[in-house]
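Read through the structure below, which is laid out as structure tokens, and then see the notes.
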Amino acid sequence: MKHTNDMAVPRKVLIVDDSAAIRAVLKHALSRDPRLKVVGEAADAYEARALIKHLNPDVLTLDVEMPRMSGLDFLERLMRLRPTPVVMFSSVTQSGSANAVRALSLGAFDVLAKSTNGIGQSDLVLLCNAVANARVNTGKSRSDVWKPSTRCTDAPEVPDMARKWGGEAILIGASTGGVAAIEKLLATMPCNAPPIVVSQHMPAAFLNSFCTRLGHLFPQNVQLAEEGLELKPGHIFISPGGLYHTGVAQRAGKMYCTLIDKPKRNGHCPSVDELFFSSESFAKRIHAVILTGLGRDGAEGMKALHDKGAHCIAQDSDSCVVYGMPRAAVELGGVDEQVPLENMSELVCAPVRGKL
């Protein structure tokens, strides 16, 4: 898809939703921003397919639940045949949250939660502008992303790591495009790798579904982070978000999950910066990883860890869906190495393997 660098040219938005009322609300909200232009509306996936060919939109808004063909089925076909930035809507019910995480895994740019408070019109306007103007990789990072359908049982294992593990922890921060990136990264991690703590920008209800999904896909013990949970090899902890950020604390030489009662940072809870800053006092035990995402959350925290001796790695631009958060960390001078997503596991675990 071609984009112009002329920001005066409005970005073209196609709205796909089976509800005429919702389409009208979204069109009204988006049309108030001069940087966006709604060029078409579709009531289902079949109408959308025809309009995409004719209008070549820069961004799609897409409802997960639609008749004739679900939003998820349409999204999967779209990302395979004509990768396009997509912002989706999903309910915060249990099934809706699971569908939202599935959509993100398939390549949706982001998913906004439908709630009793409405459909997040202001968030949608901000997100559509960010999607349209961001450097979106519509090649390798989307088409080649790992899409597992069954639990991973053949992940590589580092012999005796639990016995000889040197006490490190891996902290991962991600935002837009992060669900697919995290799944691909975890698929290449040893089953008994050092403990992993993940801060992914998503609503709390979606994070719970994300944790459940990862638990079905991978052999490691995957759970939501709770206050006082000890970090152990072969365990993955997902920040639950909501009212608390997730951090890491150290007591008597051991590391534990901790919940941080602070306002949103960089507009997010959970915040990657809060996760990284929490481990600054024992930075030499930390492997910090920053993945694809909009904005700069995590950049300052990674710089602080880097300056205290942590091993800091950023996803490279070619494998990012959006090279925003990694770029910010690199520009601050907080990154030791930039690598493609497919090479990251080997690099993160190399110092640990060297101790075996």
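Go through segment 279-295 and give me each residue that's free of Cβ contacts under 8 Å to residues at least 60 places away in the same chain and closer than 15 Å to C312 by Cβ. Once the filter is applied, which keeps residues that are free of Cβ contacts under 8 Å to residues at least 60 places away in the same chain and closer than 15 Å to C312 by Cβ, segment 279-295 yields E280, F282, A283, K284.
Here's the yes/no breakdown for (1) closer than 14 Å to S239 by Cα; (2) at pLDDT 95 or above; (3) under 17 Å from the mean Cα position of the chain (by Cα):
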{"site": "P156", "(1), (2), (3)": "no, no, no"}
{"site": "A180", "(1), (2), (3)": "no, no, yes"}
{"site": "A193", "(1), (2), (3)": "no, no, no"}
{"site": "V198", "(1), (2), (3)": "yes, yes, yes"}
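For every residue, the table says whether it meets (1) among the charged types (D, E, K, R); (2) at pLDDT 95 or above; (3) surrounded by 13 or more Cβ atoms within 10 Å (Cβ to Cβ).
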{"site": "M1", "(1), (2), (3)": "no, no, no"}
{"site": "D18", "(1), (2), (3)": "yes, no, yes"}
{"site": "A29", "(1), (2), (3)": "no, no, yes"}
{"site": "L51", "(1), (2), (3)": "no, yes, yes"}
{"site": "P67", "(1), (2), (3)": "no, no, no"}
{"site": "V87", "(1), (2), (3)": "no, no, yes"}
{"site": "S95", "(1), (2), (3)": "no, no, no"}
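Taken over segment 234-253, the criterion of being open to solvent by 70 Å² or more (accessible area, probe 1.4 Å) and part of a loop (DSSP other than H, G, I, E, B) is satisfied by L243, Y244, A252. Taken over segment 66-117, the criterion of being under 21 Å from H216 (Cα atoms), of a type in the set (S, T, N, Q) and out of contact with any Leu (no Cβ under 8 Å at 6 or more places or on another chain) is satisfied by T93, Q94, S95, S97, S105.
Can you pull out the residues in segment 162-206 that are part of a helix (DSSP H, G or I), closer than 19 Å to Q94 by Cβ and touching a residue at least 60 places away in the same chain (Cβ under 8 Å)? Across segment 162-206, the qualifying residues are V179, A205, F206.
Which residues, counting only those in segment 291-328, are farther than 21 Å from K184 by Cβ, among the hydrophobic types (A, V, I, L, M, F, W, C) and touching a Gly at 6+ places or on another chain (Cβ under 8 Å)? Step through it out loud before you land on a result.
Filtering segment 291-328 for residues farther than 21 Å from K184 by Cβ gives 295-296, 299-301, 303-310, 328.
From what's left, among the hydrophobic types (A, V, I, L, M, F, W, C): 299, 304-305, 310, 328.
Across segment 291-328, the qualifying residues are A299, A304, L305, A328.
Among the residues making up segment 322-338, those that are aliphatic (A, V, I, L, M) and open to solvent by less than 20 Å² (accessible area, probe 1.4 Å) are V322, M325, A328, A329. Pairing residues of segment 86-113 that are assigned to a helix (DSSP H, G or I) with residues that are charged (D, E, K, R) and open to solvent by less than 10 Å² (accessible area, probe 1.4 Å), at Cβ distances under 7 Å and at least 6 apart in sequence or on separate chains, gives S105/E183. Taken over segment 278-297, residues that are more than 20 Å from the chain's Cα centre (by Cα) and open to solvent by 10 Å² or more (accessible area, probe 1.4 Å) amount to 6.
If you take the residues in segment 65-85 that are in contact with a Gly (Cβ under 8 Å, 6 or more places away or on another chain) and part of a loop (DSSP other than H, G, I, E, B), which one is nearest to L26 (Cα to Cα)?
We begin by selecting, within segment 65-85, every residue in contact with a Gly (Cβ under 8 Å, 6 or more places away or on another chain); these are 65, 75, 79, 83.
Then keep just the ones that are part of a loop (DSSP other than H, G, I, E, B); that gives 65, 83.
Values: E65: 16, P83: 22 Å.
Ranking the qualifying residues of segment 65-85, first place goes to E65.
Here the condition is being within 28 Å of T212 (Cβ to Cβ), surrounded by fewer than 16 Cβ atoms within 10 Å (Cβ to Cβ) and among the acidic types (D, E); of D73, D63, it holds for D73 alone.
Within segment 210-233, the set of residues being touching a residue at least 60 places away in the same chain (Cβ under 8 Å), surrounded by fewer than 21 Cβ atoms within 10 Å (Cβ to Cβ), in a loop (DSSP other than H, G, I, E, B) and hydrophobic (A, V, I, L, M, F, W, C) comprises F218 only.
What number of residues within segment 20-45 satisfy the criterion of being without any contact (Cβ under 8 Å) to a residue 40 or more places away in the chain and either outside any helix (DSSP H, G or I) or in contact with a Ser or Thr (Cβ under 7 Å, 6 or more places away or on another chain) (or both)?
Just the residues of segment 20-45 that are without any contact (Cβ under 8 Å) to a residue 40 or more places away in the chain, to begin with: 20-21, 23-24, 27-28, 31, 34, 37-45.
From what's left, either outside any helix (DSSP H, G or I) or in contact with a Ser or Thr (Cβ under 7 Å, 6 or more places away or on another chain) (or both): 34, 37-44.
Count: 9.
Does L275 satisfy being of a type outside the set (G, A, S), under 17 Å from L104 (Cβ atoms), in contact (Cβ under 8 Å) with a residue 12 or more places away in the chain and open to solvent by less than 10 Å² (accessible area, probe 1.4 Å)?
Details: of a type outside the set (G, A, S): yes; under 17 Å from L104 (Cβ atoms): no; in contact (Cβ under 8 Å) with a residue 12 or more places away in the chain: yes; open to solvent by less than 10 Å² (accessible area, probe 1.4 Å): yes.
When the stated conditions are applied, L275 does not pass them.
The values are calculated or read from the model by the stated rules, or taken from the named source; none is laboratory data. Because the structure is a prediction, the values reported are computed rather than measured. Counting neighbours? That spans all protein chains shown, and the Cβs are built from the backbone with ideal geometry, glycine included. Just so you know, the surface numbers come from the protein's heavy atoms only, side chains and all, with ligands and any DNA or RNA stripped out. Shrake-Rupley method; radii C 1.70, N 1.55, O 1.52, S 1.80 Å.
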